[in-house]
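The values are calculated or read from the model by the stated rules, or taken from the named source; none is laboratory data. All of these numbers come straight from a predicted model, not from anything done at the bench. Counting neighbours? That spans all protein chains shown, and the Cβs are built from the backbone with ideal geometry, glycine included. Each accessible area value is taken on the protein alone, full model and side chains, heavy atoms only, with ligands, DNA and RNA left out. Shrake-Rupley method; radii C 1.70, N 1.55, O 1.52, S 1.80 Å.
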Amino acid sequence: MPKGLSTVSVHGGEPDRPYADSITTPIVMTSSYTFPDMDDVLAYVTKKKERFEYGRYGNPTTAVVIQKLKELELAEDAEVFDCGMSSVSCAILGLVKTGEHIVVTDDAYKKTLLFCEKILPRFGIRSTCVKMGDHEEMEEALKKNPGTRLVLSETPTNPYLNIADMDVLAALRDKYGFVLVMDSTFASPYNQQPLKQGADVVIYSATKYLGGHNDLLGGAALGRKELIDQIRDYRNTTGGVMDPMTSYMLIRGLKTLALRMQRLNDNAMAVGTYLESHPKVRKVYYPGLPSHHDHERAKKYMTGFGGVVTFELEANLQETFDFLSAMKVFKIGPSFGGVEALITHPMTISYYDYAPEERKRLGILDELIRMSVGIEDAKDLIADIEQGLTRIPLKAKAGAK
Ligand SMILES: Cc1ncc(COP(=O)(O)O)c(C=O)c1O
């Protein structure tokens, strides 16, 4: 009988009594591995024997976390990286050649879009950015660029938590023959497994839910061996390797993935429901709520809806700042997916350098807030929001709600 996700999170990839009968996997701090004699060297170079050679190509602690991730998603192969952006850049540069074309959806992570727009042209790789959810525009881009090598989409997306239609993306992939890469950082393997829904490669910033404690940077790519091999070859040449200490911390974080994710899903639903009932809140975006524009799609593809809740205050910019500054349990800061609740103001923290018209086009309003609940008690998170909202005057229009 296949093991459940919690059991795999704890035991997956872990060797039995790896060192001195320890229950945990040791951290092997080494950059090089020695050979007992030249027979062993020859066995290794002629590929008769698999073993470690040099830290950039592999490490026993890192190998455990890779195996755990593979087992979590029943992926044929996986690789880990020093951060999520390395998994994005290595996946694209490992799979796409000079002269080829890719398609990316327009609400992908800001640095992913920047990478496509500014860095890929230096490698002679063209990209077309299409509106998330506009499948006609995507198909137009595919028709205009025959032989498009890769399509990269995220799900859910930031900050409005749009949900990708996996069936449509997989059908387009079957028709046009590109590699479908899904960045599923906002879902985590607990809430969605895109490889089982048609994706060829799934990418994570392990910095978020996988690590789960706001204390490491990491990335992962999972998929068919033939594809991950190409990504790994690129990474083995250019760098971006996860170090042994981080690998251990990621193993440790993954062991509680199911517990943390369930708590985050529950807390976010409680916070989202509370916000939606508040007269000083104009609109809430949480895919688990029936009011979310992609709720039906989220129910189809996800088993839980994650720890991020976005909302618009019925407030001006100064009042929005007053609300944020009043937060005590929620700490002001970027990122999400850890045990600590974080709150961010996308307009200042992520888009301050954008022209106001550009921010407007992207839907980054002055009064937009994104929060990532932690594993705290929901009542304390709600009490924190409630005291923050007392800093905002009740508007006549909002009061009529
Ligand atoms: C969806 C998504 N992908 C990739 C990244 C990049 O991850 P990292 O910060 O670990 O490089 C982020 C970072 O916020 C992200 O939100």
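Overview of values
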| quantity | calculated |
| --- | --- |
| Within the chain, helix-based [θ] at 222 nm, where runs of 4 or more DSSP H residues each add -39,500 (n - 2.57), nearest 500 | -11500 deg cm²/dmol |
| Highest to lowest packing among 176-189, 149-162, scored as the average C-beta count within 10 Å | 176-189, 149-162 |
| Protection proxy ranking, peptides 33-44, 362-373, average beta carbon neighbours within 10 Å, highest first | 362-373, 33-44 |
| Cβ-Cβ FRET estimate between residue 335 and residue 76, R0 fixed at 25 Å, reported to 0.05 | 0.25 |
| Radius of gyration and maximum dimension Dmax of segment 299-345, Cα, Å | 13.2, 39 |
| Distance between segment 177-207 and segment 95-141 - C-alpha centres, whole angstrom | 17 Å |
| Hits among lysines - C-alpha to C-alpha of residue 331 under 18 Å, sequence gap 8 or more where chains match | 208, 379 |
| Rounded FRET efficiency, nearest 0.05, which uses the C-beta distance separating residue 283 from residue 352 and R0 of 25 Å | 0.65 |
| Heavy-atom surface of the chain, accessible at 1.4 Å and reported per residue (Å²) | 45 Å² |
| Cβ-based net charge around residue 34, under 11 Å, with every Lys or Arg adding one and every Asp or Glu removing one | -2 |
| Segment 1-118, accessible surface, carbon-and-sulfur percent (1.4 angstrom probe) | 57 percent |
| Radius ratio Rg over Rh of segment 42-93, counting only Cα atoms, Kirkwood formula for Rh | 1.03 |
| Distance from segment 1-58 to segment 230-280 (C-alpha centre basis), Å | 24 Å |
| Average projected area [Cα convex hull, segment 258-399], square nanometres | 8.6 nm² |
| Cross-link pairs 3/118; 68/97; 118/299; 175/225; 70/110; 3/131 - those with Cα-Cα distance over 32 Å | 3/118; 118/299; 3/131 |
| Cα point-scatterer Debye curve for the chain, base-10 log of I(q)/I(0) at q = 0.07 Å⁻¹ | -0.35 |
| Spin-label proximity, residue 170 to segment 209-224 - amide N less than 15 Å from point 7 Å beyond Cα toward beta carbon | 224 |
| Label-point gap, in nm, between residue 303 and residue 46 - each point 7 angstrom along Cα→Cβ | 4.7 nm |
| Whole-percent carbon and sulfur share, accessible surface of segment 142-224, 1.4 Å | 52 percent |
